[in-house]
Each structure stands twice: as structure tokens, then as C-alpha cells.
Amino acid sequence: MSRSRIFFAALWLSAAPTAFAAMPVHEFTLDNGLKILVREDHRAPVVVSQVWYKVGSSYEPSNLTGISHLLEHMMFKGTPTVPGGEFSRLIAANGGDENAFTSRDYTAYFQTLEKDRLELSFRLEADRMRHLLLKPEDVKKEAQVVAEERRLRTDDQPESLTSERFYASAFLTSPYRHPIIGWMQDIQSISPDDLKRWYQQWYAPNNATLVVVGDVEPTQVRDLAQKYFGPLPSAQLSPPRPAAEIPQLGERRIVIKTPAEVPYILLGYKVPTLKTATEAWEPYALDVLDSVLDGGNSGRISRNLVRGSQIAAAAGSGYSFDSRLEEIFLLAGNPAPGHTSAELERALRSEIARLREELVSPEELARVIAQATASDVYQQDSLFYQGMRLGVLETVGLGWNRLDDYLQRLQAVTPEQVREVARKYLSDERLTVATLEPLPLKDRPSAMPGAGMDHALR
């Protein structure tokens, strides 16, 4: 980031909370339990509508991994009144775009439309919330599509495959050990009846949040939601039993041998999140620590390992503080030609050791906080991002109003707190290491170095 952009961001440190407060969130709850969050943004005659369900791969039992993601695919296959494919066709015909995604803690569906087309979105989403057909022939066909997706994105991508096995090794009891897409044998064995039970159990208004951001009037959104979602029956919900990870008793290591072009290494430390932390400030200090290591070109990993010593061809860190369960603070990278994974591991661990031993300077702390603030401010330009932040916080059980104090909490982090969380959580007892040792490629499709980085650091 240039100095001028950092200076601009610094000016926002005091102004940003006031600017965001000018766009309040309006909350409504229908009698059937559907929560509605509306944020006005009148800069353009556009609206983003999102439906968030409190279900994802972390809700799944071991023999049904991938069922939430497969159900996401099936949500586009039709209801008695909207045939398969018609949902997407109608949105496109009205000048909009739509998509969906499954994560570990939620499944979400969204459309971006001209503001006068919001009613279409509500009509279609309410219809498939409780009236999905789930024809056996469609289930069989879509399971094959998902199996092929898994082959292309995981089985044939060495870094993604390594990341998947890493999480399965790092977590023993936490459901975060499950891949979101599911294990292949589970994908191929999920039945139409399994999907129907999963759909009926979780896809209900009292397990969903409707988020609307854009050029709208809140009470009109509420009335429109009442018209389409209000008549839907609620469901008897059975939240998943707590599945906390058991304490780790020492460093774990795995080696993955698969055809690949370059080596790859992952180091992960178990850390708390906003939802699990006993000390409220710790996740914010970990977030700042992540930015110290991987804050763009000025981050320590890029500055010291990629451009400086040139031990790494690509490397980075990652931490998600808004997950529902305990998380992993991750470091990952490819060693540069002429260097080994062991050398890169030592270099990454040296950066962690430095954070455990030395205080971050006030100047570096100010820079990373300014960068994080600038990123948050710039992303507010996106209606989708505004909705995403609201939806995630609400769905993981933190509450959307945690959005209000994010910048203030970040600015309150001290160098001593950064060192304290490094000492407390980034220790060998909490560490899991996965190393990809490439085998000859033979006929396997090749992937560019760093291709699995985003996957690993999510």
C-alpha cells in the first residue's frame, strides 16, 4: 500500500465509525422465526438479497460429509411451481445475477438485482425454502457433478489435497476436520432420502436470516418478506451437539506424497475465535498478528522470505476470527527453487519466534491497523460485502451488531497483546505441520505454484 493510501486510511480511523453509523441496520423477526436485516444504501438503484441458513459442513455427521454442499446444488433443481433451471433463468431475464456457496458454518444464496425486482427474489427464495422437489434422478445426476468437482478441485490439485489432509489431521474431534465438499465415498452414497431429511431439518425460516442491502426502505422490505416468507411453517430445530476440539498434546506432522510440480508446506496453530475466546481482545490481537506477517508486500513474510532471503516462491498466513468453532492460524508456502520445505519451515517458524520474543514496533502496528482499516472501508463500497459481514456474524451466533465495534477493537490492540497471543497460542504444542513431497507428474494435470494458497488460507 502506498504512503498516501495509508495516510488516507489513518484519517478514516476516527471518521469510519461515524460514516458507518449513518447506515444503520434495521432488524425484524417474523412470527415463524425468520430474522430480517436491512441496511439502506442509496448510492445506486440496486439491491442485494441474501438468505443465510445455519448449516454447513461442521453440522454434518461423519457418514454424511458433503451433504450441505450437495443440497446447495439441488436448490436450483426446481419446485412444483418453478421447474429446474427456471430460477436462474428468471433472475438473468430480469437483469440480475445470482449464486450460492457452502461453508463450514453456513450455506448462503444471493441475488443482485435492480431495486424494483426485489419481489422476484423473495418469491423465488421463499418457494424453494420449503418446497424443493429433490427428484431421485436429479440427486443422482448432481452427485456425479459434485464428485467430478471434487476430482478437479481437490484430488487433482496437490496443494488443495494437502490442505484437506492437513485439516483432517489437525482436528481430531472438531467437525472442521471434514472437507466442505465431502469425502468421495460419502458424496457417492448420499441418497434422496438423506437429502430430504437434511433439507427438512435445516431449511426453515426459523433457521435462516434474510439480509437485504441497497436502495430500499426497511419497512417495505419487511412487508414484502411477510408476504412471501411469512406463510412458511417453522421447523423443530435440533442444534448440533457441541463438538469442541480436545486439547492437543504435542506437535503433529504428516507427509503427503502425490504427483506435483513443486513442494508445499502448511503450518497451523490452534487458536480461539470471537465465538470461543475467553478474553475478548485475543482474536483482534491474532488478526493484527496475521496482518503483521501477511499484510501485502509490506508484510514480514513477503518482505523477509519472498523478496529478502528468497527462500519462498510464494508464502502467506491466514486466520478467520469469525468462525463458529476453534480455528487454525495458518502459514503456508512453496520453497523457492534451490531451497527445501525444511528450510522454508525453519524460516516461517523463525518469524513466529521473533513475534514471541520481540514487541512489534508502534510504527509497524500503526501501519497494519491502517491497512486493515482501509481494507474494511474500501470493502464497504460493495453491497455484497456489507451483506456478507452481516450474514456471517448473525449466522455463526455472534450477532450482526458485533460489526459496530470492529475498528475500535482493532485500534485498541497493543504491541504487548500481539506478543502475548503469539506466546500463548503459537507454540509447538498446538502445531500441526503438513508437507507435500512431489512425486513424478506422469499424466496428472499440473497446477501453478501457490494455486492452493487461497484454499489453504481460507
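The values are calculated or read from the model by the stated rules, or taken from the named source; none is laboratory data. Just so we're clear, the structure is a prediction, and the values are computed from it rather than from any experiment. Cβ placement follows ideal geometry from the backbone for every residue including glycine, while neighbour counts extend to all protein chains displayed.
Could you count how many residues in the stretch 161-182 are assigned to a loop (DSSP other than H, G, I, E, B) and within 22 Å of Leu439 (Cβ to Cβ)? Outline the logic, then answer.
Pass one, the stretch 161-182, residues assigned to a loop (DSSP other than H, G, I, E, B): 171-174, 178-182.
Then keep just the ones that are within 22 Å of Leu439 (Cβ to Cβ); that gives 179.
Final tally of qualifying residues: 1.
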Worksheet entry | the stretch 185-219: number of residues that are in a helix (DSSP H, G or I), in contact with a helix residue (DSSP H, G or I) (Cβ under 8 Å, 6 or more places away or on another chain) and not acidic (Asp, Glu) | 7
Worksheet entry | Sole residue being among the aliphatic types (A, V, I, L, M) and out of contact with any Asp or Glu (no Cβ under 7 Å at 6 or more places or on another chain), chosen from Leu407, Leu365, Leu383 | Leu365
Response to the item:
Per the filter on the stretch 232-278, residues within 30 Å of Pro158 (Cβ to Cβ) and charged (D, E, K, R) are Glu245, Glu251, Arg252, Arg253, Lys257, Glu261, Lys270
Worksheet item: Checking Pro233 against (1) within 27 Å of the chain's Cα centre (by Cα); (2) within 20 Å of Lys54 (Cβ to Cβ); (3) surrounded by fewer than 18 Cβ atoms within 10 Å (Cβ to Cβ); (4) not hydrophobic (A, V, I, L, M, F, W, C), which test does it fail?
Response: (1)
Worksheet, complete the sentence: All-but-one check, Arg117 against (1) charged (D, E, K, R); (2) surrounded by 22 or more Cβ atoms within 10 Å (Cβ to Cβ); (3) out of contact with any Ser or Thr (no Cβ under 8 Å at 6 or more places or on another chain), failing number (2)
Worksheet entry | Pairs, first among the charged types (D, E, K, R) in the stretch 165-177, second buried (at least 20 other Cβ atoms within 10 Å of the Cβ) and modelled with pLDDT of 95 or more, C-beta under 8 Å, six or more apart | Arg165/Ile256; Arg165/Ala434; Arg177/Tyr167; Arg177/Ala170; Arg177/Phe171
Practice prompt. Please work out which residue is nearest to Met129 (Cα to Cα), limiting yourself to the stretch 20-42 and to residues that are modelled with pLDDT of 95 or more and outside any strand (DSSP E or B).
Written response: Leu34
Worksheet item: If a residue has to be crowded, with 21+ Cβ neighbours inside 10 Å, of a type outside the set (Asp, Glu) and in contact with a His (Cβ under 8 Å, 6 or more places away or on another chain) to count, how many in the stretch 38-65 make the cut?
Response: 5
Item to complete: For Leu224, indicate whether it is among the aliphatic types (A, V, I, L, M), surrounded by 18 or more Cβ atoms within 10 Å (Cβ to Cβ) and not assigned by TED's automatic domain parsing to the domain that holds Ser350.
Response: yes
Practice prompt. Tally the residues that are at pLDDT 95 or above, surrounded by fewer than 18 Cβ atoms within 10 Å (Cβ to Cβ) and within 26 Å of the chain's Cα centre (by Cα), restricting the search to the stretch 352-383.
Written response: 0
Worksheet entry | Residue among Ala204, Ala243 that alone is among the small types (Gly, Ala, Ser) and within 30 Å of Lys141 (Cα to Cα) | Ala204
